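Structure, as structure tokens:
The values are calculated or read from the model by the stated rules, or taken from the named source; none is laboratory data. Predicted model only: the values in this text are computed from it and were never measured. Every residue, glycine among them, receives a Cβ derived from its backbone with ideal geometry; neighbour counts consider all protein chains shown.
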Amino acid sequence: MKGSVAVVGGGIAGIQAALDLADSGFKTYLIESRPSIGGVMSQLDKTFPTNDCAMCILSPKLVETARHPNIELLAYSDVKSISGKAGDFKVKVVKKARYVDETKCTGCGSCTEKCPSKVQDEYNAGMSKHKSIYIPFAQAIPRIATIDAAHCLYLTKGKCGVCKKVCGPKAVDYEQKDTEIELNVGSVVLATGFKPFDPSILKNYRFDHPDVITSLQFERLLSASGPTQGHVTKQSDGKVPKNIAFIQCVGSRNPHIDRKHCSSVCCMYATKESIIAKEHDPELNITIFHIDIRAYGKNFEEFYNRAQREYGIKYINSRPPEVIVGANNALSLKYEDFSTGVVTQDFDLIVLSIGLDPADSTRALAQSSGIALDDFGNIATSIESPVESSVAGIYVCGVAQGPKDIPDTVAQASAAASKAAALLSGERGTLIKERKFPDEKQLSPLPRIGVFVCHCGINIGSVVNVPGVVEYARTLPGVAHAREMLYACSSDSQAAIKDAIAKNDLNRVVVASCTPRTHEPLFQNTCREAGLNPYLFELANIREHCSWVHSKEKERATEKAKGIVQMAVAKSALFQPLYKQQVSLINKAIVLGGGVAGMTAALDIANNGYHVTIIEKEKELGGMLREMTELYDGKKPADVLKELIGKVNGNKNINVINEAKLLKVEGYLGNFKGVVLANGKELALDFGAAVVATGARNLEPSGLFNYGKDPHVVTQAQFEKMLGKGISANNITMIQCVGARNKEREYCGRTCCVDAVKNAIRIKKANSKANVFVLYRDMRTYGVMEKLYENARDLGVIFIKYEADNPPKVQGGSVLVHDHMLNQDIELASDLVVLSTPLVAGENEEINQLFKIPLDRNKFFLEAHPKLRPVDFATDGIFLCGSAQAPKLMDEAISQASAAASRACTILSRKFIETEGAVSVVNEAKCIGCGTCVTVCPYNAPSLYDVTVNVEEVTYTTNKSKINAASCKGCGSCAAACPAGAITAQHFSSKEIGEAIDAFDKGVKSISIEKGFVEMTV
Amino acid sequence: MSNVQSCYQCGKCTSICPMRRVSKTSPRSSIYNANVYGLETQDIWTCLTCGLCPQECLQQVDFLSFIREERQGKQPLSIAHLGVFTELAELSSRLNGNIAAKSGDSKIGFFPGCVDSLDLFLHDVKTNFGEITTSSVKLLDKLGMKPQVLNMKCCGHDVLWQGKKDVFDGLKAYNKKYIKESGIDTLVTSCAECYRTFSKDYDLGIKVVHTSQLWDKLGLKINQDVTYHDPCRLGRHMGEYDAPRKALTANGVTLKEMEHSKEKALCCGVSNFMNCNEQTKALRIARMNEAEATGAKTLITTCSKCLAHFNCLKSEKDAVKKYNFDVVDLSVFLAKQLEAGK
């Protein structure tokens, strides 16, 4: 067994899996075939349904990956083959020649600037060009240039060589060759993602026309970093379009071209892109042509409704067969309007919502390494083991397993990490190393500040007068040493900084270069190596804030750079050493809820080597699965449960308390103290992490469609049980969206369409003569579930669409429905009416109070971030999985459960909890105990304790606040909100910030308002 | 110049000082130190400038002027809310800003004060400060008064008392110009601090009115018991004790006085956004206990700061005590009754 894992694919799935594994004590190789990690998510402008900026939430993950001491990044590398067995795999990796030495390149971009040759830009979906030597996008990780060998003039014709000449650090190496390396790892995680469908094979959609573009291209047009800086324009003439059409399911739900699957994300991304386009230009008319709108995820239906209600986006349930190119290359679509007939409509821009094809690398790797694929070309898995491939020890996550959105991908990524970590749990920590630093030196009482001003090649130096800034810095109070550097971040510069610290007895360091986001840790580390506390370092960003944005105004840019340096110097003079504290932790977990999700989470934690207690309110484990009689793949839930419960009971790391309830919790990440009520007794239970897996319950649709009055009207859940015993009914009508997608309950039930289709198939298989009608609004059998829908229709199940404002009526032995297609009322003889109702939140309010974790408006638990933290809470140490978060299918709940376990294990695997250094602290004497800090803190770090205040004549008992360093993230919200000024956000104290502002203020000559803008002369 | 030299160190000031109930502060000794040795003490920042000691001082030492002079140009010990309101005033004093167009020809000008800033930054006290403005305008309308609403800068009260006279002078110069150009002859304000400042620190030469001085003519019939807290700026600084009471009783309200009222009123504990601490919190508790003892369902006040600080105590996450009465601005209280058809 090896304590290392290879993660193949550096998109969001691979990144999350790698981070989880690395955080859990495993050496992790992250292998990405493109020059930068980030995958398709890095190309997105925004993410649905919150319209968060994709890069803004992804970029910190990229940086975290690059910084992580346990992750070795192998970008621009392909995996050729995987051999061996679980615990001991050999992974052959080809490191493709970049023609740039990774150890020398500083990413300054001088080469790119001078390169004369241009290539189609893959990052901008082919809509712009980049140079032959390039960094794919601004936030690329690693930030290393790559030469496109097929277009480089030197490599193709032997001419040019400019990049080599201009490269300061001498990183360009035309002689570089592909190199093959072999990694020996214990496990492999496949996160190979997908390939966007190429619409040119569908000739009728006229992708050859410049104004017919893919949704990914449209995404780039919307992006500020895209080819048009976020202005939606036509590729043909650069003009702004008026009428835009989206055609859905291009390359999805299309058996003709062997794409039977639904791509799961296109309905929502088309909705998102439409909303953003409308926000850019409210005059746009946008029409989305679709088959079903599949807004099945958390807050998706609400998003879809808002698109119509607030943005006026038109959804037409019709699939245009072709794009018509008329005279003058004008575009139009001909489609059937189901009520008025065939309509031809002109559009200026047509967006093809392209589907998700399996990646070529997935297929190649599966073939070369003997990994089974499913009917769709995805890595084959099962409902009970959604991240386990056919080869033991090789796990899969993300779209490589089947089309899915980002949160489901992230959950699976953590799940795959959990499985790999469990397999290798005996080897945890064996292949990672800890850094050793010298002791911190004694600080002399007065500040002795060193200022290092970076040229960044020509990035800063060509605009800002760097020697001038150095001269200026020398005049500032406290500055003992100032010098310029060509590349402050290069390794020889680190040596020079350390040398300067020693020679000049520096006790504060300011580097004036680029962004702290990427470079602060590097310089902090350098300071630490020189015996300085890392919190005595400050970065002054004179690249992003000066040379880049004021490249045309060199003098003023230099003035601003001086101002920024002055502020950094003033602030740094007040810095004090700060220390991270190590707090011990309890390496045990609890899981609330003993359904499939809860049991899976507990098993994963136990298999990772940690003790876990399941607290279940019922007499037996099993949860909602006990109520089911067949899974959609034909398996019997009773068998699945028997095996699962057997594993739980047989695991010595798991303790189950039935008929129990968590009464009290206090404490924080790593150190919770709980009280459990079971058998009328209260028992104390200490734990380091908790997983909330309390599930959901079926809605009882009282009063709807005669339910409760007519014994022939049952819910889908009841029908599921009836089918287990066998039924005699011949005419069965199912009604979808009962009690869902309405005013009272806006969300989509997600699982109801799959359940209905599954049960319709069961009836038909048992009795092919039975008449089965499914009355629906949109069939939401997303992803590979589409095959069930296909199957049901093949078997003769009849699907009739109804409109929300004209729902079916149940009367005696029949159901009356207005058939939308026929525009006629139809009476369906029905001896059984089955109502598909959504899952609704269980009794989540108690737990939400216990842990102070939030609920959403539907009373499901609210995760920390809808995209990238789907199983976390904002409060550390508490995790979420299954239908307690929102309704979900069994395999999704299982993926989430393993994910929650993985996240919990990143805590349980620690030897201690390390607090942040820059945390907030309360001055008790100043605190008035108002509790504002408790209210504003997103992390539950402040708490109140009782104090008796005795001030001369008056004595009263009040609260005082204290901040738990283990929970505090140093965000400073409390310090900003404290009315009494009792809280200090260390390293960002009012005094430090104030000194910086005052230093700047001294240079302000005048301030005025002109035309609504504040004008300042410095 | 204040007349501290008149002080004969009797210590009456210290013994009656509200802050002395909750701290070791001594107005007497700060006068002494300054007058005798030219020393400054932290006590000049502890003082709430409530105006009780000069009122009671046998020697008529103008302690308020003394404090104000002592504070000039010095860095305050602590300003609550991270000094955001001070920063706003400072910034606003430095912006040139054009005099806005007149909002009508009315001879009456209404100035809402800084309620908008309060709404912006004081979320936790669960008080709608803007309502003071809308209520005042409604009541003025009921009296047939159609004022110009003055879009001036901050009156400068807080910065003046925080020792930033230069900032105050900048604001004052602008506001005086504004008032002159607006052509008004009466300035109405709903804020006790603005009222004091415009009346005593501005030499405007026009009539300055606090809204509470107008409301006795509303003719409402309100059948309710309330108690009234005298803000230091309206009460001891300006001597206006009767108008707000008349505004209540003339409209049918039964007024239940607290143990300390009018000239003897206790403080809300915070003036000019300084001194938010556990000592002054004790003062708020003491005052709220007095209000509670009256049994009234509502505590009325006429200063937005008093309002903020009493409601802050009430809104604490885990409050020291649950007070079963509302704390409401006088104009808001009356406007609600007007709307309810009383």
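Just a few scattered comments:
- The residues of the range A:785-817 that are surrounded by 14 or more Cβ atoms within 10 Å (Cβ to Cβ) and farther than 25 Å from A:N742 by Cα, listed by number, are A:K787, A:L788, A:E790, A:N791, A:A792, A:R793, A:L795, A:V797, A:G813.
- Among the residues examined, A:D831 does not qualify as within 24 Å of A:S584 (Cα to Cα) and not basic (K, R).
- A single entry from A:D20, A:D78, A:D88, A:D52 fulfils the requirement of being surrounded by 23 or more Cβ atoms within 10 Å (Cβ to Cβ), among the acidic types (D, E) and either in contact with a Cys (Cβ under 9 Å, 6 or more places away or on another chain) or not assigned by TED's automatic domain parsing to the domain that holds A:A224 (or both): A:D20.
- Evaluated against (1) more than 18 Å from B:D329 (Cβ to Cβ); (2) assigned to a loop (DSSP other than H, G, I, E, B), B:C155 falls short on exactly one condition, (1).
- The range B:18-47, residues that are in contact with a helix residue (DSSP H, G or I) (Cβ under 6 Å, 6 or more places away or on another chain), aliphatic (A, V, I, L, M) and more than 14 Å from chain A (Cβ to nearest Cβ): B:I31, B:L39, B:I44
- Boolean, A:K960 is outside any loop (DSSP other than H, G, I, E, B), within 14 Å of chain B (Cβ to nearest Cβ) and more than 30 Å from A:D604 (Cβ to Cβ): yes
- In the range A:613-650, the residue that is nearest to A:I761 (Cα to Cα) out of those that are in a loop (DSSP other than H, G, I, E, B) and of a type in the set (S, T, Y) is A:Y632.
- Some residue of the range B:125-146 being crowded, with 20+ Cβ neighbours inside 10 Å, in contact (Cβ under 8 Å) with a residue 40 or more places away in the chain, in a loop (DSSP other than H, G, I, E, B) and not polar (S, T, N, Q): yes
- All positions within the range A:252-284 that are surrounded by fewer than 16 Cβ atoms within 10 Å (Cβ to Cβ) and either in contact with a strand residue (DSSP E or B) (Cβ under 6 Å, 6 or more places away or on another chain) or among the aliphatic types (A, V, I, L, M) (or both): A:I257
- No other residue among B:C154, B:C191, B:C114 is away from every other protein chain (no Cβ under 14 Å) and over 30 Å from B:L220 (Cβ atoms) apart from B:C154.
- A:F289 free of Cβ contacts under 8 Å to residues at least 60 places away in the same chain, surrounded by 14 or more Cβ atoms within 10 Å (Cβ to Cβ) and either assigned by TED's automatic domain parsing to the domain that holds A:T751 or at negative phi (or both): yes
- Test: residue in the range A:785-805 that is touching a Gly at 6+ places or on another chain (Cβ under 6 Å) and touching a residue at least 60 places away in the same chain (Cβ under 8 Å): no
- Residue match in the range A:3-10 (condition: hydroxyl-bearing (S, T, Y) and out of contact with any strand residue (DSSP E or B) (no Cβ under 9 Å at 6 or more places or on another chain)): no
- Condition broken by A:D946, with the remaining ones in (1) in contact (Cβ under 8 Å) with a residue 24 or more places away in the chain; (2) assigned to a strand (DSSP E or B); (3) charged (D, E, K, R) satisfied: (1)
- Restricting attention to the range A:870-908 and to residues that are at pLDDT 95 or above and of a type in the set (S, T, N, Q), the residue that is farthest from A:G842 (Cα to Cα) turns out to be A:T906.
- Residue list for the range A:50-77, restricted to those being touching a residue at least 24 places away in the same chain (Cβ under 8 Å) and of a type in the set (A, V, I, L, M): A:M55, A:I57, A:L58, A:L62, A:V63, A:A66, A:I71, A:L73, A:L74, A:A75
- Output for the range A:941-956, where each listed residue is more than 9 Å from every other protein chain (Cβ to nearest Cβ) and in contact with a helix residue (DSSP H, G or I) (Cβ under 8 Å, 6 or more places away or on another chain): A:A941, A:P942, A:S943
- Among residues of the range A:618-634, those that are surrounded by fewer than 19 Cβ atoms within 10 Å (Cβ to Cβ) and within 32 Å of the chain's Cα centre (by Cα), counted: 1
- Residues satisfying the stated conditions in the range B:58-95, i.e. away from chain A (no Cβ under 13 Å), of a type in the set (S, T, N, Q) and either more than 14 Å from B:Q162 (Cα to Cα) or not in a loop (DSSP other than H, G, I, E, B) (or both): B:Q59, B:Q60, B:S65
- Residue within the range A:147-163 that is under 29 Å from the mean Cα position of the chain (by Cα) and within 14 Å of A:E113 (Cβ to Cβ) present: no
- Residues in the range B:19-43 that are under 25 Å from the mean Cα position of the chain (by Cα), in contact (Cβ under 8 Å) with a residue 24 or more places away in the chain, assigned to a helix (DSSP H, G or I) and surrounded by fewer than 24 Cβ atoms within 10 Å (Cβ to Cβ): B:R21 alone.
- Some residue of the range A:108-125 being hydrophobic (A, V, I, L, M, F, W, C), closer than 30 Å to A:I394 by Cβ and in contact with a Leu (Cβ under 8 Å, 6 or more places away or on another chain): no
- Residues within the range A:886-933 that are of a type in the set (S, T, N, Q), touching an Asp or Glu at 6+ places or on another chain (Cβ under 9 Å) and within 14 Å of another protein chain (Cβ to nearest Cβ), tallied: 1
- Filter result (surrounded by 18 or more Cβ atoms within 10 Å (Cβ to Cβ) and in a loop (DSSP other than H, G, I, E, B)) within the range A:242-251: A:G251
- Residues in the range A:693-736 that are out of contact with any Asp or Glu (no Cβ under 8 Å at 6 or more places or on another chain), under 17 Å from A:V772 (Cα atoms) and either modelled with pLDDT of 95 or more or of a type outside the set (V, I, T) (or both): 11 in all.
- Single match in B:A286, B:A247, B:A296 (criterion: touching a residue at least 24 places away in the same chain (Cβ under 8 Å), part of a helix (DSSP H, G or I), small (G, A, S) and surrounded by fewer than 24 Cβ atoms within 10 Å (Cβ to Cβ)): B:A286
- Which numbered condition A:P838 fails, given (1) farther than 29 Å from A:L62 by Cβ; (2) in contact (Cβ under 8 Å) with a residue 60 or more places away in the chain; (3) within 14 Å of another protein chain (Cβ to nearest Cβ): (3)
- All positions within the range B:260-280 that are within 11 Å of chain A (Cβ to nearest Cβ) and more than 17 Å from the chain's Cα centre (by Cα): B:N277, B:E278, B:Q279
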